[in-house]
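Trainee: Dumping the structure here so I can ask a few things about it.
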């Protein structure tokens, strides 16, 4: 055939056709659209609210059934109604919120102090090898030590006062926060750090703009665990240390009811401690965690 042949060139293969490229782009756009859609309120209630409500109703039903079958005496297992009466008694006495607030304020302020102390410790241990070799095992050991073990020492060191309470909270929460940050930093890809150094982010600037944002998911997990340790440490301290100057928090209320052999009050104290601890996690930490994971494409939503 001559060089002047004007027959059409072979058609493009399927992988390079403009139509397929457009369909891929449309698919990516569709994925982005699905991620930004707001979930209907009914779906949220059905998936997020209904299961825990059913779980609570199931527990109450089993509890009431055990009382009705007289599996044990009522002084050891009061009915849910009797525990509710103990709650209404606190409500009408006007002491319910003061008891909750006393513990809640101590727990939150102690946790914030633990964040201020534990974050730089975690950064130093994660980035400086000699410090990690020296303090890494110590932090792991402190995290595994029950918080109640610090209460007698804190009372001897500081006396029966708020300082002892905060000392127990810090000794319980700081290792968890530091270890969470260390774990998050260990999972940061090295290319992020190299890119940061290339752009001039070194030292504290690199830690602030590169290291901490990249380690944020692990750091948040450490913060959640740190709050749990703060709350548990505080309850242990309030159970053991008693003084008029300390007031009555949830842990002291629980111990007072134990001394009075009031099982309804004991169960009420346990329920209130559980509710406050879970509420802080659901209202503060879970929304922040979801926002961080969603911004990084790590939150998988199912229809």
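Trainee: Hey, could you check segment 70-103 for residues that are in a loop (DSSP other than H, G, I, E, B) and farther than 26 Å from residue 57 by Cβ and say which is farthest from the chain's Cα centre (by Cα)?
Mentor: 94
Trainee: Being on the phi < 0 side of the Ramachandran plot, surrounded by fewer than 11 Cβ atoms within 10 Å (Cβ to Cβ) and at pLDDT below 90 narrows it down to one of 25, 70, so name that one.
Mentor: It is 25.
Trainee: Hey, does segment 153-171 have a residue that's within 19 Å of residue 285 (Cβ to Cβ), in a helix (DSSP H, G or I), at pLDDT 90 or above and within 15 Å of the chain's Cα centre (by Cα)?
Mentor: no
Trainee: For the structure I just gave you, tell me whether residue 106 is surrounded by 16 or more Cβ atoms within 10 Å (Cβ to Cβ), in a helix (DSSP H, G or I) and either modelled with pLDDT under 90 or in contact with a helix residue (DSSP H, G or I) (Cβ under 6 Å, 6 or more places away or on another chain) (or both).
Mentor: yes
Trainee: Here's something else I'd like to know. If you scan segment 201-220, which residues turn out to be outside any helix (DSSP H, G or I) and closer than 20 Å to residue 116 by Cβ?
Mentor: Within segment 201-220, 215 is the sole residue that qualifies.
Trainee: Name the residues in segment 246-255 that are crowded, with 21+ Cβ neighbours inside 10 Å and not in a helix (DSSP H, G or I), would you?
Mentor: 249, the sole residue that qualifies.
Trainee: From 243, 233, grab the single residue that is surrounded by fewer than 22 Cβ atoms within 10 Å (Cβ to Cβ) and closer than 30 Å to residue 83 by Cβ.
Mentor: Sole residue among the options that is surrounded by fewer than 22 Cβ atoms within 10 Å (Cβ to Cβ) and closer than 30 Å to residue 83 by Cβ: 243.
Trainee: I'd like the full set of residues that are in contact (Cβ under 8 Å) with a residue 12 or more places away in the chain, surrounded by fewer than 16 Cβ atoms within 10 Å (Cβ to Cβ) and within 20 Å of residue 292 (Cα to Cα), limited to segment 193-214.
Mentor: Scanning segment 193-214 gives a single hit, 209.
Trainee: If you don't mind, another one. Search segment 223-247 for residues that are more than 16 Å from residue 170 (Cα to Cα) and pair each with any residue that is outside any helix (DSSP H, G or I) when their beta-carbon atoms are under 8 Å apart and the residues are at least 6 apart or on different chains.
Mentor: Hits for this filter: 241/160; 242/160; 243/160; 243/161; 245/160; 245/161; 246/160; 246/161.
Trainee: Kindly indicate the residue of segment 256-276 that is in contact with a helix residue (DSSP H, G or I) (Cβ under 8 Å, 6 or more places away or on another chain) and surrounded by fewer than 19 Cβ atoms within 10 Å (Cβ to Cβ) and also farthest from residue 86 (Cα to Cα) among those meeting that condition.
Mentor: Ranking the candidates gives 276 first.
The values are calculated or read from the model by the stated rules, or taken from the named source; none is laboratory data. Computed from a predicted model, the values in this text were never measured in an experiment. All Cβ positions, glycine included, derive from the backbone under ideal geometry; neighbour counts span all protein chains shown.
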